[in-house]
Amino acid sequence: MSQIETLDIADWAPQPGDAESRRLAAALEAGKVLFLPRLRFELQQREKRFLDPRWSDRKAKNISYDPVSKAIKGAQGNASDLEDLRHLVERFHQRAVGLIRHLLPHYTTQLRLARASFRPMPVAGRASSWRKDDSRLHVDAFPSRPNRGERILRVFANVNPRGEPRVWRVGEPFADMAQRFLPKIPRQLPGAAAVLSTLRITKSRRSEYDHTMLQLHDRMKADADYQKNAPQQTMPFPPGSVWICFSDQTSHAAMGGQYLFEQTLHLPVAGLYDPQSAPLRVLEKLMGRALA
Ligand code: SIN
Ligand code: FE
């Protein structure tokens, strides 16, 4: 069964209606990728100069826009260029957030907006270690950012000017992956969460949920046999398309491409149409105890 659900929408402010919104949410909450092949994020003529790796400061992986401070980070250039670049990423941020609000109005009151990013570097050869290698199948979990089960919803837009797709592999459903790896995962050491938080390695306390998600992330990436033989499909997302998924749930790997925009939104488990579909609830059911 395909993990990709294709949607014929070419408008950043669609009006899907209640039944269609429910259908889309059910697909996303089942871990599928919503693929919108006709939704293009347009760059203006004078913005096309930003399709170049030289705008990256090379220290950060991505150029990111913070919706609270409205500032960008990770870019280099003169003040006026940086302001134009900030504007571009801000426009993507507004478009992506508007799209989610229109497609999934049920989520709107509970969404917490996080950063948008512009990724001008080629995917190939960018990883510094296996743990950071996003060309290996994984679910998103971040060592310094515990979230206690809060969802990670992401909107992506390929803006490659040379016709190059963003090639992903999309893996098996979350519960299948979890059942495979959970038996090998040790419990978090008593006291470890407090130490990590006191040393400010984590920005808040790492819950057992966060510990388990990080372990799943690492064990998936470290397992060469799993990478090769796990159920998966290769999906080339063409330039001029958009796709959306819960990246804490959808097993994914970025295999190639260059020039991508991404927006992250967070949603509490209670904000889902079906809270039982959340990785937190799936793991709690499999492990037989509360994790957050
Ligand atoms: C990822 O989230 O693992 C990478 C996605 C991408 O850069 O295409
Ligand atoms: Fe990822």
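Pick from A13, A27: which is under 27 Å from P231 (Cβ atoms), of a type outside the set (S, T, Y) and at pLDDT 95 or above?
A27
Has the range 221-233 got any residue that is among the polar types (S, T, N, Q), within 16 Å of ligand 2 (Cβ to nearest atom) and crowded, with 18+ Cβ neighbours inside 10 Å?
Yes: the range 221-233 contains one or more residues that are among the polar types (S, T, N, Q), within 16 Å of ligand 2 (Cβ to nearest atom) and crowded, with 18+ Cβ neighbours inside 10 Å.
Given the criteria within 13 Å of K221 (Cα to Cα) and either over 13 Å from the mean Cα position of the chain (by Cα) or modelled with pLDDT under 95 (or both), does R145 qualify?
Considered against the rule, which asks whether it is within 13 Å of K221 (Cα to Cα) and either over 13 Å from the mean Cα position of the chain (by Cα) or modelled with pLDDT under 95 (or both), R145 comes out as no.
Limited to the range 157-186, what total is found for residues that are in a helix (DSSP H, G or I), hydrophobic (A, V, I, L, M, F, W, C) and closer than 21 Å to L34 by Cα?
Counting residues in the range 157-186 that are in a helix (DSSP H, G or I), hydrophobic (A, V, I, L, M, F, W, C) and closer than 21 Å to L34 by Cα gives 3.
Return the only residue of I152, I72 being crowded, with 21+ Cβ neighbours inside 10 Å, modelled with pLDDT of 95 or more and away from ligand 2 (no atom under 15 Å from the Cβ).
When all the criteria are applied, what remains is I72.
May I ask you to say which residue of W12, W55 is of a type in the set (F, W, Y) and over 28 Å from T234 (Cα atoms)?
Working: W12 fails: over 28 Å from T234 (Cα atoms).
Unique residue meeting the criteria: W55.
Among the candidates F142, F156, F174, F118, which residue alone is aromatic (F, W, Y) and farther than 27 Å from P231 by Cβ? Spell out how you get there, then give the answer.
Values: F142 fails: farther than 27 Å from P231 by Cβ; F156 fails: farther than 27 Å from P231 by Cβ; F174 fails: farther than 27 Å from P231 by Cβ.
None of the others qualify; the one that does is F118.
Please state which one of A141, A157 is within 11 Å of ligand 2 (Cβ to nearest atom) and surrounded by 22 or more Cβ atoms within 10 Å (Cβ to Cβ).
A141
So which of R54, R38, R23 ends up being more than 18 Å from the chain's Cα centre (by Cα), surrounded by fewer than 15 Cβ atoms within 10 Å (Cβ to Cβ), closer than 20 Å to R151 by Cβ and among the basic types (K, R)?
Going through R54, R38, R23 in turn, the sole match is R23.
Restricting attention to the range 110-151, report how many residues are free of Cβ contacts under 8 Å to residues at least 24 places away in the same chain, touching a Lys or Arg at 6+ places or on another chain (Cβ under 9 Å) and part of a loop (DSSP other than H, G, I, E, B).
Looking only at that region, the number is 1.
Return yes or no: is R169 within 16 Å of ligand 1 (Cβ to nearest atom), closer than 26 Å to L85 by Cβ and charged (D, E, K, R)?
No: the conditions fail for R169.
Has the range 237-251 got any residue that is within 16 Å of ligand 2 (Cβ to nearest atom) and more than 24 Å from H106 (Cα to Cα)?
Filtering the range 237-251 down to residues within 16 Å of ligand 2 (Cβ to nearest atom) leaves 237, 243-251.
Next cut, more than 24 Å from H106 (Cα to Cα) only: 237, 251.
Yes, that holds for at least one residue.
When residues of the range 86-108 are filtered for being in a helix (DSSP H, G or I) and touching a residue at least 60 places away in the same chain (Cβ under 8 Å), how many remain? Give the derivation first.
Our first condition is that a residue be in a helix (DSSP H, G or I); within the range 86-108, this holds for 86-103, 105-108.
Checking the rest, the ones that are also touching a residue at least 60 places away in the same chain (Cβ under 8 Å) come to 89, 92-93, 95-100, 102-103, 105-107.
Qualifying residue count for the region: 14.
Please pick out the residue among W12, W55 that is under 30 Å from Y273 (Cα atoms), touching a residue at least 60 places away in the same chain (Cβ under 8 Å) and of a type in the set (A, V, I, L, M, F, W, C).
W12
Quick one: Q232 ticks every box in (1) free of Cβ contacts under 8 Å to residues at least 60 places away in the same chain; (2) under 19 Å from M1 (Cα atoms) except a single one, so which number is it?
Here Q232 clears every test but (1).
The values are calculated or read from the model by the stated rules, or taken from the named source; none is laboratory data. Just so we're clear, the structure is a prediction, and the values are computed from it rather than from any experiment. Virtual Cβ from ideal backbone geometry, glycine too; neighbours counted across all protein chains shown.
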